[in-house]
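What follows is a short report on a single structure.
The values are calculated or read from the model by the stated rules, or taken from the named source; none is laboratory data. Values in this document were obtained by computation on a predicted structure and should not be read as measured data. No Cβ is skipped: glycine too gets one built from the backbone with ideal geometry, and neighbour counts run over all protein chains shown. Ligands, DNA and RNA are stripped out before the accessible areas are found, and what is left, the full protein with its side chains, is counted by its heavy atoms. Shrake-Rupley method; radii C 1.70, N 1.55, O 1.52, S 1.80 Å.
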Amino acid sequence: MKLASLKSGRDGRLVVVSRDLAWCAPADAIAPTLQAALDDWERCEPFLRGLAESLEHGAAPRMRFREHEAASPLPRAYQWADGSAYLNHVQLVRRARGAAMPESFWTDPLIYQGGSDGFLGPRDPIPLADEAWGCDFEAEVAVITGDVAMGATPADALAHVRLVMLANDVSLRNLIPGEMAKSFGFFQSKPAGSFSPVAVTPDELGSVWGGGKLSGPVTVELNGRPFGEPDAGVDMTFDFGVLIAHAARTRMLVAGTIIGSGTVSNRGPDGGPGKPIAAGGVGYACLAEQRTVETLLAGAPETPFLKVGDTVRIEMRGADHHSIFGAIEQTVSQAAAFL
């Protein structure tokens, strides 16, 4: 089953989307919003699945699904907690700012609490007030959970994954070192991000979902050119069961909590940081990794951070070459520094 939220008010209008992403059917009679459906999932899920089947067979009132009319599946959420499950990425970005990686990172997941009071839509521009802040994209996998009890085991936690989607966790790289130096985490360096137009139930994903991981290349294009295609199922140190259980160690997670994987990142065949697509590698899911590799090879980064007018596209296609979640496609726009 595939679900989306069309832009309408603050929380969107829930629709069921066809498998080929061509059509959608309003789900207002079942739940007005995705959050409402998640709050009453046991009752709503069978009706939503019935509507999805009717849509596939042309037996439900339908309309064209247009990705640019979609908000993020949850336009705002009770909680957004982003992990760093791909430790190759962690090693590289920490190396870029001269920070060592403690051994504990291999056994104890990293998670930060992000802002969730308002996400960008998957086709909304990325507002940037100052290019000197070092704007970067981060292509990730994310899941939406139901209620998760405090102290849940990874297996229990994984059973509460309701939906899977892609994410663009926007980062302002040049603001991160100053914030991290305060030893109190990210804030200004993590503005609003976005999620794919469609969120998908794990069973709908078939063999590409297993063991708490989504497998397959996440394709990233920058200004229409291939930038990366790392496989989300490779080099993921902590699966989503582990990430969710870590987040729930000391608190209950309410339905509608979003947990992110962190930037998808693959090592090279030699165990090193990997190569750009132009050099025969799978490339990267963020600019920071490419800049770090350039620094290691040439002594300084060559690739600039995002500038006004740059466009990033993030997508994942199945074995049939059709888009699974729809595409995040965003252009950086000039924003006023002060309102």
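Numerical summary
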read-out	value
Single match in G12, G115 (criterion: crowded, with 16+ Cβ neighbours inside 10 Å and in contact (Cβ under 8 Å) with a residue 12 or more places away in the chain)	G12
Matching option when the condition is open to solvent by less than 30 Å² (accessible area, probe 1.4 Å) and either assigned to a loop (DSSP other than H, G, I, E, B) or among the aromatic types (F, W, Y) (or both), among G272, G309	G272
Index of the failed condition, I30 passing every other in (1) assigned to a helix (DSSP H, G or I); (2) modelled with pLDDT of 95 or more; (3) in contact with a Phe, Trp or Tyr (Cβ under 9 Å, 6 or more places away or on another chain)	(1)
Residue match in region 323-334 (condition: among the hydroxyl-bearing types (S, T, Y), modelled with pLDDT of 95 or more, exposed (fewer than 15 other Cβ atoms within 10 Å of the Cβ) and part of a strand (DSSP E or B))	yes
Residue match in region 304-320 (condition: of a type in the set (S, T, N, Q) and in contact with a Pro (Cβ under 6 Å, 6 or more places away or on another chain))	no
Near pairs, Cβ below 9 angstrom, 6+ apart or cross-chain, from region 55-66 (assigned to a loop (DSSP other than H, G, I, E, B)) to any residue that is at pLDDT 95 or above and among the β-branched types (V, I, T)	A60/V16; F65/V15; F65/V17; F65/V198
Of all residues making up region 137-187, the number that are assigned to a strand (DSSP E or B) and either among the hydrophobic types (A, V, I, L, M, F, W, C) or open to solvent by 60 Å² or more (accessible area, probe 1.4 Å) (or both)	13
Leading residue by the ranking (least open to solvent (accessible area, probe 1.4 Å)) among those in region 312-322 that are touching a Gly at 6+ places or on another chain (Cβ under 9 Å) and in a loop (DSSP other than H, G, I, E, B)	M316
Of all residues making up region 303-318, the number that are without any contact (Cβ under 8 Å) to a residue 40 or more places away in the chain and within 21 Å of N266 (Cα to Cα)	1
Count of residues meeting criterion [loosely packed, with under 15 Cβ neighbours inside 10 Å and either under 19 Å from the mean Cα position of the chain (by Cα) or charged (D, E, K, R) (or both)] in region 283-306	1
Matching residues in region 230-265 - criterion: being open to solvent by 10 Å² or more (accessible area, probe 1.4 Å), in a loop (DSSP other than H, G, I, E, B) and not aliphatic (A, V, I, L, M)	G233, D235, T237, F238, D239, R249, T250, R251
